[in-house]
Amino acid sequence: MIVARGFQHVVVAVRKHGQLVARPEAVERGGTYETAADLMGVVPEEVLFIANHAFDCIGAKATGMRAAFIDRRCRPFGATPHQPDLIVPNMTDLADLIA
């Protein structure tokens, strides 16, 4: 997981900071998602997590982050209470939306 704020970024390694990010027990403990927010000095609600895997978006949403799902394969996100805030086909469209 790479976390960016401005032009800074932090790499958060799962082995060092927690369990696999989408496991329920990792989300309940805060796990990797909380660690990423802590390292950047923000609360989860201030984060827009961007991923092209549904399980990553689900974990981020469960932690309180906003999530953008990059749907490059045009597949449904799936039934979960943790739906992404944005669904776009590519990074260019996401950049246009958040610019």
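Checked against the criteria, Asp56 counts as among the charged types (D, E, K, R) and at pLDDT 85 or above.
For the range 24-46, a residue qualifies if it is surrounded by 22 or more Cβ atoms within 10 Å (Cβ to Cβ), at pLDDT below 80, of a type outside the set (A, V, I, L, M, F, W, C) and out of contact with any His (no Cβ under 6 Å at 6 or more places or on another chain), and exactly one does: Gly31. Of the candidates Ile50, Ile58, Ile98, the single residue that is in contact with a His (Cβ under 6 Å, 6 or more places away or on another chain) and not polar (S, T, N, Q) is Ile58.
Scanning the range 64-75 for residues that are touching a helix residue (DSSP H, G or I) at 6+ places or on another chain (Cβ under 9 Å) and either hydrophobic (A, V, I, L, M, F, W, C) or at pLDDT below 90 (or both) yields a count of 6. Looking across Val21, Val3, one residue alone is in a loop (DSSP other than H, G, I, E, B), crowded, with 16+ Cβ neighbours inside 10 Å and at pLDDT below 85. It is Val21.
Restricting attention to the range 47-60, the residues that are surrounded by fewer than 22 Cβ atoms within 10 Å (Cβ to Cβ) and touching a strand residue (DSSP E or B) at 6+ places or on another chain (Cβ under 8 Å) total 7.
The values are calculated or read from the model by the stated rules, or taken from the named source; none is laboratory data. Given the structure is predicted, the values throughout are model-derived calculations rather than measurements. Don't worry about glycine lacking a Cβ; one is built from the backbone with ideal geometry, like all the others, and counts go over all protein chains shown.
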